[in-house]
Amino acid sequence: WQYYKLRTSYVPLTPPKGALSGVESPSSCRTNEKISEEVEIVFLGDSLVIGIGCPDRREGPVFARRFSRLVAERMGKRVRWRVFGIDGGDVESIRDMLLNEISNQ
């Protein structure tokens, strides 16, 4: 019975509608101040990386944004981040599908 109920009523979560890339700056930096050093982080993974089920859906994946913000604060550098992911991906499918996409950019 539980299997049938879940199978007939399950609604998959959708990814956030926000950007899959962004820039985080340390809070000590003024908006018009230039930072000479940048760090680039590429997040590669499954639903966690692309933000499936995130409550804050306007600004994209929460994990990537918050991690990048933490790195920016700790290092005092601007952080450019990008996300590449597959919902439900395993290591093999992520490797096969995303490495080509990343290498093309």
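List of remarks:
- Rounded percent of accessible protein surface that carbon and sulfur make up, the chain, 1.4 Å probe: 52
- Backbone N within the range 68-82 under 15 Å of label point (7 Å from Ser28 Cα along the Cβ vector): 70-79
- Residues within the reach of a label modelled at Val42 (point 7 angstrom out along Cα to beta-carbon, backbone nitrogen below 15 Å), restricted to the range 52-87, are 80-86.
- Average accessible area per residue (Å²) across the range 41-105 - probe 1.4 Å, nucleic acids and ligands excluded: 60
- Residues with amide H under 5 Å from that of Gly89, placed H, sequence gap 5 or more: Ser47
- Taking 0.36 nm per residue of sequence separation and removing the Cα-Cα distance, the Leu13/Ile102 pair yields an extension gain of 29.6 nm.
- Candidate values [x] 11.0; [y] 5.7; [z] 8.9 were compared with mean projected area of the Cα convex hull in nm² computed on the shown model; the agreeing label is [z].
- Burial order of peptide ranges 73-85, 2-14 (average beta-carbon count within 10 Å, highest first): 73-85, 2-14
The values are calculated or read from the model by the stated rules, or taken from the named source; none is laboratory data. This is a predicted model, so every value here is computed, not measured. Cβ coordinates were reconstructed from backbone atoms using ideal geometry, including for glycine residues, and neighbour counts include every protein chain displayed. These accessible areas exclude ligands, DNA and RNA; they are computed on the full protein's heavy atoms, side chains included. Shrake-Rupley method; radii C 1.70, N 1.55, O 1.52, S 1.80 Å.
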